[in-house]
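Scroll down for the structure; my scribbles are underneath it.
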Amino acid sequence: MSYIEVLENILDSKDVTVGGGSASALSGAMAAGLIGMVARLSLNKEYGLEDSKYLELADELDVINSELIKGVEEDAKAYSTIIEAYKHPKSTDEEKALRKQKIENAGVTAATAPLNNAKLCNRVLQIGQILDGKSNKNAASDISIGINLAKIGVDGCIQNIEANLPLIKNEEILAKFKNEIDNLK
C-alpha cells in the first residue's frame with residue numbers, strides 16, 4: 001500500500017487497516033518537509049548558521065522525509081501482520097503454539113516499525129530545534145509547526161510501540177524496546 005493510500009485510509013474513519021503509527025510517521029515526514037523548507041529559506045542571510053550547514057540539514061531532512069514516507073507504509077504493513085497472525089488456526093495444541101509464536105513475531109514487527117519511525121522523527125525534532133531562532137524569521141510559524149509535528153511524530157510512535165509490547169512475551173526483547181523508548185523520551 002502506498003503512503004497516499006495509507007493517508008486516504010487514515011482520513012477515512014470507517015477504515016481500520018491503519019492507525020496512529022502511520023499517522024505519526026506521516027507527521028514526522030511533514031515536519032521534515034517544513035523544517036527543510038525553512039533551512040533553505042535561510043540561505044544567503046545571516047541568521048546564525050553558515051549556508052553549508054543549512055544545506056546539510058535540509059539535505060538530511062530530505063533523506064529522512066523519504067525514509068519516513070517508507071515508514072508510513074512499513075507501519076501499515078506491520079499492523080497487517082498482527083491481523084494475519086490472529087487468523088492462524090488454533091484447534092490443536094500445535095496450532096495454538098504456532099499461532100502464539102506468530103502473534104509474538106507480529107508484535108515485534110509492529111513495534112519495530114514505529115521504533116524506527118520514532119528515531120527518525122526525533123532527529124527531525126533535533127534539527128528543528130537547531131534551526132529554531134537561527135532561521136528565516138519570515139518562516140517562524142513554519143519552524144514552529146514543524147517542531148510541533150515532529151514532537152507529535154515521536155510521541156505517537158512511542159505510543160504505538162507501547163501498544164504492541166503486550167504481544168511480546170520475550171523479556172529480553174521487551175527490555176530492548178523499553179530501553180529504546182526511554183532513550184527517546
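Once the piece of chain linking residue 183 and residue 88 is laid out straight, how much longer is it, given 0.36 nm per residue of separation minus the C-alpha distance between them? Write out the running numbers ahead of the final one.
Values: separation 95, 0.36 × 95 = 34.20 nm, distance 3.49 nm.
Here the segment from residue 183 to residue 88 would lengthen by 30.7 nm.
List the lysines whose alpha-carbon lies under 26 Å from that of residue 96, not counting same-chain residues fewer than 8 positions away?
Those lysines meeting the cut-off are 77, 87, 169.
Consider the candidate values [x] 70, 35, 21; [y] 63, 40, 26; [z] 51, 27, 26; state which one is Cα extents along the principal axes in Å computed from the structure displayed.
Label of the calculated value: [x].
Given the Cα-Cα distance of residue 44 and residue 63 and 0.36 nm per residue of separation, how much length would full extension add, in nm? Let's see the in-between values first.
On the way: separation 19, 0.36 × 19 = 6.84 nm, distance 2.27 nm.
Working it through step by step, the gained length comes to 4.6 nm.
On a 0 to 90 degree scale, rounded to 10, what angle separates helix 20-41 from the longest Cα axis of the chain?
10 degrees
For segment 3-184, with the dipole built from +1 on Lys and Arg beta-carbon atoms and -1 on Asp and Glu ones, taken about the Cα centre, which of 25, 63, 164 lies farthest toward the positive end?
So the residue we want is 164.
Taking the Cα centre as origin and putting +1 on Lys and Arg beta-carbons and -1 on Asp and Glu beta-carbons, what dipole magnitude results for segment 1-155, to the nearest 20 debye? Before the final figure, lay out the partial values.
Working: 17 positive and 23 negative charges, 73 e Å.
Dipole about the Cα centre, nearest 20: 360 debye.
If packing is taken as the average count of other Cβ atoms within 10 Å, what order do 143-155, 82-94, 109-121 fall into, highest mean first?
Numbers: 143-155: 21.7, 82-94: 12.2, 109-121: 24.7.
Ranking, from highest mean packing down: 109-121, 143-155, 82-94.
Sort 165, 68, 125 so the one with the fewest other Cβ atoms within 10 Å of its own Cβ comes first. Please report the intermediate quantities before stating the final value.
Values: 165 16, 68 29, 125 23.
Listed from fewest to most nearby Cβ atoms, that is 165, 125, 68.
Taking the 0 to 90 degree range and rounding to the nearest ten, how far is the long axis of helix 51-86 tilted relative to the main principal axis of the chain, both from C-alpha atoms?
Orientation of helix 51-86: about 20 degrees from the principal axis.
Comparing 100, 169, 45, which has the greatest mean-square fluctuation in the GNM of the chain with Cα pairs linked when under 10 Å apart?
Looking only at 100, 169, 45, the biggest GNM fluctuation is shown by 45.
Students often forget the sequence filter, so: which lysines lie under 21 Å Cα-Cα from residue 176 once same-chain residues fewer than 8 apart are removed?
Excluding near neighbours in sequence, the set is 100, 102, 119, 185.
Rounded to the nearest 500 deg cm²/dmol, what is the calculated helix-only ellipticity per residue at 222 nm for the chain, with -39500 (n - 2.57) per DSSP H run of length n ≥ 4?
Helix contribution divided over all residues of the chain: -27500 deg cm²/dmol.
Any read-out appearing in this document is the output of simple, stated calculations on the displayed coordinates, not a laboratory observation. Quick caveat: nothing in here was measured; it's all calculated off a predicted structure. Glycine gets a Cβ as well: all are built from the backbone with ideal geometry, and neighbour counts include every protein chain shown.
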